[in-house]
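Here is the structure we will look at, set down as structure tokens.
The values are calculated or read from the model by the stated rules, or taken from the named source; none is laboratory data. Note that the structure is a prediction, hence the values are computed from the model and not measured. When we count neighbours, we look across all protein chains shown, and the Cβ atoms used for this are built from the backbone with ideal geometry, even at glycine.
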């Protein structure tokens, strides 16, 4: 009997190849979406890490010679043998070929802190240590190799190679590598000629990029939902189409349990094959969308290979799990329905009933409640999921309402028919349109998030790097002050660590300079906030401290030297600590003897002043130019744009495919509804055009519905998820142009998907159209 | 013991290995010196490093006790690996890389640190006279191997020991030529198994006095592993009657067992494959930390138990190494090293 | 030709020449399938139908009735022969020409009613006429009343009975004032009484607007109510 049933199944697929192809492709694409997003995510992570990496050497505490001179190999060995763990660094201009100049940094891969050397494990391939690593965009010559972890404009090589290339014998600095051994000595006690230097400017993007990555992860989760949804849609259709077959088999005496089991087994097999196809497809897509990324299969068995993008088991297993579990879960419902129904049932008529509407409204209410009352990261993510599912449940009814509202606008019978028919066909199109809605709203949400993030960060950089020049001053700035003329205003940056309102915090002194009043806007605060701060009794705190301590303007906060009134709040993106600004005299009271570790300098001639300072004996690597710092920070976002574009393309492609699947599935049932028009004198091309219009109309209305959903998603990401995860709120930045573009792309995806079915309709044999109207010949 | 540490060394020796494929490890030693049974180990010349051999190590393990009797163990290891048999430049030495491992193990704690260094700078190295080996501030030093100071530190530990030999140096195998497989892979291998050890161990709460025994292994070769050998189990045992036992099993298509039974007077008896019976007690998911070891020809039958079953070396090439105690026809303490097992964590 | 007394020249040409027949079918052939295994469905069928005339098309299942109807309606193309609709040979027309013909001159009524399910009764009634640009609200109002459809205008087709649906189909056809009305088993899905009412309404309206009616039926009783009868047997016009 099993063989006979399998024979029936097989013949079904053989006769309905398009259906089988749709099922396989649907599952494969959902899987591809998941794996592709994971790959792109990982690539984004690698890119961000590369961007961040360029700052690592400068960000870590390091030892330099007090006189700015070279550190010798003997100095390095003396420190190591005394038990101070240091790693040498050296950098200078390097031309991989004429016309291209990179900054070559020499590193000792054996002692360097983790993350500095491009490869995760330098010892795994010592032969690589003889190569110079270049960023992916610079062609590698002999003795050179490209590596995705090398930031643009940089090159990395073994310290010995770098010494040879740069014609140097010693090192620029020694990085102090944490953790130091128990009881390690003070390095200055070992070598008195050395001085510990802080970074020239504090623009470590690590915390910011962490936030960005969290948001990308959220997007990955959304894609997981969308993927499952599409599998559900595809399998649901496949099951519905075979209900008759099941009915006939049962009428012939095959037990339902056997049919069900065989069907599940068959679907699991198809899902596994399609899932594998999807995993491969996802990787091809990711590689195609993100050129320059070398995907390696090294990680397929779980081996860690550092920052390089690898096909990690969690991705491909996750992809397969989506495919198989999603398929089986999706098939369970229809199977149960078939089991409960009569042996041969009429095809169920799908109409948007009150149940999905009620469920949708309940989910939206739940989402709102979670967002307002949740108070945790999990609640934030749950709110996003509830929002998306609620919106999905409401999509058919929403479309129906919009179409009903548009009905009076129709002029002429054909327009009237188009509107009426579009509305009547919502049940058949609802899965596709819901997929489109989810894809579009996720894209709008994440796109807006990325854009808000970029613009806020860019503004923040402008604000935080208001001064033209930053100089690290291990000596407290004495040498520097002597070199500054009247045309430069030094702004010493002095701070002390303290625990304020139970939060680890930093108290910064600000001198009375227009820079702060003009370039450091307050999120909230009194108009005379800065005056009151300089008067000494008040403080301005950062958003993190505000959220964590619950203190705001008007509240008193206890500083180490007594109380201060909070008069304002400033944004401080990416800082994990609380921050308080006080006047310089007040910090002197709080931390007597604190000297500025850095000095910001306002000047009209930054480049010239830099040269002057170097000529005056300040080591070049203690001076940072604002313009260079900005360009490094903002370079991160070139990557994020590529990532966002790639994600948009992927999700819209999947949604487009869902539309195609739906259209192909209902193509046969379209004929009886179109035939009357044809017999009344609309030719086939006209009918095909009308079908295109119908799909476009559905897609356009879906896009209209997706906009508010996407903006709500974005709001959740910016103001709930981010605040819970990092303690600061990203301001929302509207970008209607980008929204319109995305909505347009969504419609385009739907229209492209509708082109083939429409073309088939325009070529259908007239007999097929006439036959559906009569039973007899 | 060439093979037991070969995997660890492959971390450093891999440049050649990768270029030739792992199958080449046993045969493609072109250019490196090879152990020769006709040339036994000679002292004091062979206390010096042997840069013409591919790999070499200084390995000290010490089962110790705090003053209150609480048991612990320390490990101190320096590996040398030649990156090429040829000097990098005229008059220079062959390029070397150095790797240090140090650990302290108690019943409920196992702390590990790892250091890397390139040769030629002085950051790491070894000399014969004085007898010294070092990487960073980690150091083993004495006028001769008979009287050493030993120190190492990690983020969460620091120790310092004095080791005084109470017996002679032992050459394993045939005058120090120690065979490691049926196919004839071999190394030079000598030990000082008779140290009395005393000093301090600091686990972050201040230095505390410790005392116990110590065991030094020196070994060098150029042929690490037979192709089919996947890992090894190595034992160094201090019997209460003053005897010492070194025994190992190399796991391969056919296990290869070997060892040396050392009398309290320092007289060494080589043990062949048939002289040693070694049975692991099953332990799920990781290396076996209980063993039964028998030497039927010497009336020895002991059950060996690890002090801390979780003594995994969380180094770049992970393995298991920790102090053990044994009971049966003899009692005592010692060290156990196991490689090539799946680490359950 | 059996009932010349029912012939009526309802339309004349401006020139006063011999008026063209509503429908003229000559030597029509049609087969299905590939050339080597073609199954002939119609072999040399000829007949004429004048304005105001009604004709029943009868025959066994598979005798070619519906094929003939579809050929006449321009829904399908003959292999050979001519079909003249009000003097115009439609066998040479392209798809657009045929579509225009159906839009302006022909109306079809089917067994399954073939109403547009997404449109209301009122919209269905006026749909064809509006497509042809011949929307006449007064005429539609009259049709609605005559067909007993008053008060049903806002309903959807699946909210009314089968008889009502077929009357909507008739109304939709008549609203166009076609030259030729083609009906394919229009009462096949209806009970006897309802069928009788539908046929009466249809023939009454045909007589009123003077179009020709070609009606495929299995029912002797309905065939007998038509002016003439064309019996098909194995694809040929033959005796009953």
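Kindly provide the set of residues from region B:125-145 that are outside any loop (DSSP other than H, G, I, E, B) and surrounded by 15 or more Cβ atoms within 10 Å (Cβ to Cβ), ordered by number.
As a first pass, look at region B:125-145 and keep what is outside any loop (DSSP other than H, G, I, E, B): B:125-127, B:131-135, B:138-142.
Within region B:125-145, B:125, B:126, B:131, B:132, B:133, B:134, B:135, B:138, B:139, B:140, B:141, B:142 qualify.
Identify the residue in region C:50-68 that is closer than 14 Å to residue C:218 by Cα and within 15 Å of the chain's Cα centre (by Cα) and, among all such residues, is nearest to the other protein chains (Cβ to nearest Cβ).
Initially, region C:50-68 is screened for residues closer than 14 Å to residue C:218 by Cα, giving C:55-66.
Adding the requirement that they be within 15 Å of the chain's Cα centre (by Cα) leaves C:55-58, C:65-66.
Details: C:55: 18, C:56: 15, C:57: 11, C:58: 12, C:65: 7, C:66: 5 Å.
Applying the filter and picking the extreme gives C:66.
If a residue has to be more than 11 Å from chain B (Cβ to nearest Cβ) and either closer than 23 Å to residue B:133 by Cβ or surrounded by fewer than 21 Cβ atoms within 10 Å (Cβ to Cβ) (or both) to count, how many in region A:76-101 make the cut? Please lay out each step first, then the result.
Initially, region A:76-101 is screened for residues more than 11 Å from chain B (Cβ to nearest Cβ), giving A:89-101.
Those still in the list that are either closer than 23 Å to residue B:133 by Cβ or surrounded by fewer than 21 Cβ atoms within 10 Å (Cβ to Cβ) (or both) too: A:92-101.
Qualifying residue count, region A:76-101: 10.
Residues checked against (1) modelled with pLDDT of 90 or more; (2) away from every other protein chain (no Cβ under 13 Å); (3) more than 16 Å from the chain's Cα centre (by Cα):
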{"residue": "C:153", "(1), (2), (3)": "no, yes, yes"}
{"residue": "C:158", "(1), (2), (3)": "no, no, yes"}
{"residue": "C:169", "(1), (2), (3)": "yes, no, no"}
{"residue": "C:191", "(1), (2), (3)": "no, yes, yes"}
{"residue": "C:195", "(1), (2), (3)": "no, yes, yes"}
{"residue": "C:205", "(1), (2), (3)": "yes, yes, no"}
{"residue": "C:219", "(1), (2), (3)": "no, yes, yes"}
{"residue": "C:233", "(1), (2), (3)": "no, yes, yes"}
{"residue": "C:237", "(1), (2), (3)": "no, yes, yes"}
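Can you give me the number of residues within region C:51-68 that are touching a helix residue (DSSP H, G or I) at 6+ places or on another chain (Cβ under 9 Å), assigned to a loop (DSSP other than H, G, I, E, B) and on the phi < 0 side of the Ramachandran plot?
Residues in region C:51-68 being touching a helix residue (DSSP H, G or I) at 6+ places or on another chain (Cβ under 9 Å), assigned to a loop (DSSP other than H, G, I, E, B) and on the phi < 0 side of the Ramachandran plot: 1 in total.
Taking residue C:86 as meeting all but one of (1) buried (at least 22 other Cβ atoms within 10 Å of the Cβ); (2) more than 7 Å from every other protein chain (Cβ to nearest Cβ); (3) at positive phi, write down the number of the exception.
The failed condition is (1).
From the list B:328, B:322, B:340, exactly one residue is in contact with a helix residue (DSSP H, G or I) (Cβ under 9 Å, 6 or more places away or on another chain) and more than 14 Å from chain A (Cβ to nearest Cβ). Which is it? Before the answer, list the steps.
Values: B:328 fails: in contact with a helix residue (DSSP H, G or I) (Cβ under 9 Å, 6 or more places away or on another chain); B:322 fails: in contact with a helix residue (DSSP H, G or I) (Cβ under 9 Å, 6 or more places away or on another chain).
Criteria check complete, one pass: B:340.
Quick grid of which residues meet (1) assigned to a strand (DSSP E or B); (2) under 23 Å from residue B:174 (Cβ atoms); (3) at pLDDT below 95; (4) out of contact with any helix residue (DSSP H, G or I) (no Cβ under 7 Å at 6 or more places or on another chain):
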| site | (1), (2), (3), (4) |
| --- | --- |
| B:250 | yes, yes, yes, no |
| B:253 | no, no, yes, yes |
| B:265 | no, yes, yes, yes |
| B:287 | no, no, yes, yes |
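Which members of region C:26-44 meet the condition of being within 14 Å of another protein chain (Cβ to nearest Cβ) and buried (at least 22 other Cβ atoms within 10 Å of the Cβ)?
Hits for region C:26-44 are C:30, C:41, C:42.
Need the failing condition index for residue C:71 against (1) out of contact with any strand residue (DSSP E or B) (no Cβ under 6 Å at 6 or more places or on another chain); (2) in a loop (DSSP other than H, G, I, E, B); (3) at negative phi; (4) at pLDDT 85 or above, just the number.
(2)
Quick one: is residue A:459 under 28 Å from the mean Cα position of the chain (by Cα), without any contact (Cβ under 8 Å) to a residue 40 or more places away in the chain and closer than 30 Å to residue A:745 by Cα?
Working: under 28 Å from the mean Cα position of the chain (by Cα): yes; without any contact (Cβ under 8 Å) to a residue 40 or more places away in the chain: yes; closer than 30 Å to residue A:745 by Cα: yes.
Yes: the conditions hold for residue A:459.
Answer yes or no: is there a residue in region A:413-425 that is touching a residue at least 12 places away in the same chain (Cβ under 8 Å), away from every other protein chain (no Cβ under 14 Å) and more than 18 Å from residue C:122 (Cβ to Cβ).
For region A:413-425, residues touching a residue at least 12 places away in the same chain (Cβ under 8 Å), away from every other protein chain (no Cβ under 14 Å) and more than 18 Å from residue C:122 (Cβ to Cβ): absent.
Keeping to region B:259-274, report how many residues are over 15 Å from the mean Cα position of the chain (by Cα) and buried (at least 17 other Cβ atoms within 10 Å of the Cβ). Don't jump to the end; show me each part of the working.
Of region B:259-274, the ones over 15 Å from the mean Cα position of the chain (by Cα) are B:261-274.
Of the ones still in play, those that are also buried (at least 17 other Cβ atoms within 10 Å of the Cβ) are B:261-262, B:268, B:271.
Within region B:259-274, residues that are over 15 Å from the mean Cα position of the chain (by Cα) and buried (at least 17 other Cβ atoms within 10 Å of the Cβ) number 4.
Could you list, in sequence order, all residues of region A:147-187 that are more than 14 Å from chain B (Cβ to nearest Cβ) and at pLDDT below 85?
Across region A:147-187, the qualifying residues are A:147, A:148, A:149, A:150, A:151, A:152, A:153, A:154.
Is region A:662-682 home to any residue that is touching a strand residue (DSSP E or B) at 6+ places or on another chain (Cβ under 7 Å), within 14 Å of chain C (Cβ to nearest Cβ), modelled with pLDDT of 75 or more and part of a helix (DSSP H, G or I)? Give the derivation first.
First, the residues of region A:662-682 that are touching a strand residue (DSSP E or B) at 6+ places or on another chain (Cβ under 7 Å): A:679.
Pick out the ones that are also within 14 Å of chain C (Cβ to nearest Cβ) and you get A:679.
Still in the running and modelled with pLDDT of 75 or more: A:679.
Now narrow it down to the ones that are part of a helix (DSSP H, G or I): A:679.
Yes, some residue in region A:662-682 is touching a strand residue (DSSP E or B) at 6+ places or on another chain (Cβ under 7 Å), within 14 Å of chain C (Cβ to nearest Cβ), modelled with pLDDT of 75 or more and part of a helix (DSSP H, G or I).
How many residues are more than 12 Å from chain A (Cβ to nearest Cβ) and surrounded by 23 or more Cβ atoms within 10 Å (Cβ to Cβ) when one looks only at region B:146-168? Steps first, please.
Here is the first cut: in region B:146-168, the ones more than 12 Å from chain A (Cβ to nearest Cβ) are B:146-150, B:161-168.
Filter again for surrounded by 23 or more Cβ atoms within 10 Å (Cβ to Cβ), leaving B:148, B:150, B:161, B:163.
Qualifying residue count, region B:146-168: 4.
Go through region C:105-119 and count every residue that is within 7 Å of chain A (Cβ to nearest Cβ), outside any loop (DSSP other than H, G, I, E, B) and within 20 Å of residue C:133 (Cβ to Cβ).
The qualifying residues number 1.
Exactly one condition in (1) at pLDDT below 95; (2) in a strand (DSSP E or B); (3) under 28 Å from residue B:197 (Cα atoms) is not met by residue B:122; state its number.
Of (1) at pLDDT below 95; (2) in a strand (DSSP E or B); (3) under 28 Å from residue B:197 (Cα atoms), only one is false for residue B:122: (2).
Every residue in region C:127-151 that is closer than 14 Å to residue C:167 by Cα and within 14 Å of chain A (Cβ to nearest Cβ), please.
Matches in region C:127-151: C:140 only.
Which strands (runs of 3 or more DSSP E) does region A:47-109 wholly contain that include 3 or more residues that are at pLDDT below 85 and on the phi < 0 side of the Ramachandran plot? Step through it out loud before you land on a result.
Details: elements: A:62-65, A:86-97, A:100-107.
Strands (runs of 3 or more DSSP E) meeting the threshold: A:62-65.
In this structure, is residue C:96 free of Cβ contacts under 8 Å to residues at least 40 places away in the same chain, within 11 Å of chain A (Cβ to nearest Cβ), in a helix (DSSP H, G or I) and surrounded by fewer than 20 Cβ atoms within 10 Å (Cβ to Cβ)? Give the derivation first.
On the way: free of Cβ contacts under 8 Å to residues at least 40 places away in the same chain: yes; within 11 Å of chain A (Cβ to nearest Cβ): yes; in a helix (DSSP H, G or I): yes; surrounded by fewer than 20 Cβ atoms within 10 Å (Cβ to Cβ): yes.
When the stated conditions are applied, residue C:96 passes them.
What is the number of the single condition among (1) in a loop (DSSP other than H, G, I, E, B); (2) closer than 23 Å to residue B:321 by Cβ; (3) touching a residue at least 60 places away in the same chain (Cβ under 8 Å) that residue B:204 does not meet?
Unmet for residue B:204, out of (1) in a loop (DSSP other than H, G, I, E, B); (2) closer than 23 Å to residue B:321 by Cβ; (3) touching a residue at least 60 places away in the same chain (Cβ under 8 Å): (3).
Looking at region A:468-538, what strands (runs of 3 or more DSSP E) fall wholly within it and have at least 2 residues that are in contact with a helix residue (DSSP H, G or I) (Cβ under 8 Å, 6 or more places away or on another chain) and surrounded by 20 or more Cβ atoms within 10 Å (Cβ to Cβ)? Outline the logic, then answer.
Details: elements: A:469-472, A:488-500, A:503-510, A:522-525.
It comes to A:469-472, A:488-500, A:503-510.
A quick yes/no check of all residues on (1) within 12 Å of chain A (Cβ to nearest Cβ); (2) out of contact with any strand residue (DSSP E or B) (no Cβ under 7 Å at 6 or more places or on another chain); (3) in contact (Cβ under 8 Å) with a residue 12 or more places away in the chain; (4) over 27 Å from residue A:178 (Cβ atoms):
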site: B:71; (1), (2), (3), (4): no, no, yes, yes
site: B:76; (1), (2), (3), (4): no, no, yes, no
site: B:87; (1), (2), (3), (4): no, yes, no, yes
site: B:98; (1), (2), (3), (4): yes, no, yes, no
site: B:123; (1), (2), (3), (4): yes, no, yes, no
site: B:129; (1), (2), (3), (4): no, yes, yes, yes
site: B:135; (1), (2), (3), (4): yes, no, yes, no
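Given the options A:598, A:586, A:548, name the one that is within 34 Å of the chain's Cα centre (by Cα), closer than 17 Å to residue A:494 by Cα and touching a residue at least 60 places away in the same chain (Cβ under 8 Å).
Values: A:586 fails: within 34 Å of the chain's Cα centre (by Cα); A:548 fails: closer than 17 Å to residue A:494 by Cα.
Only one candidate passes the filter, namely A:598.
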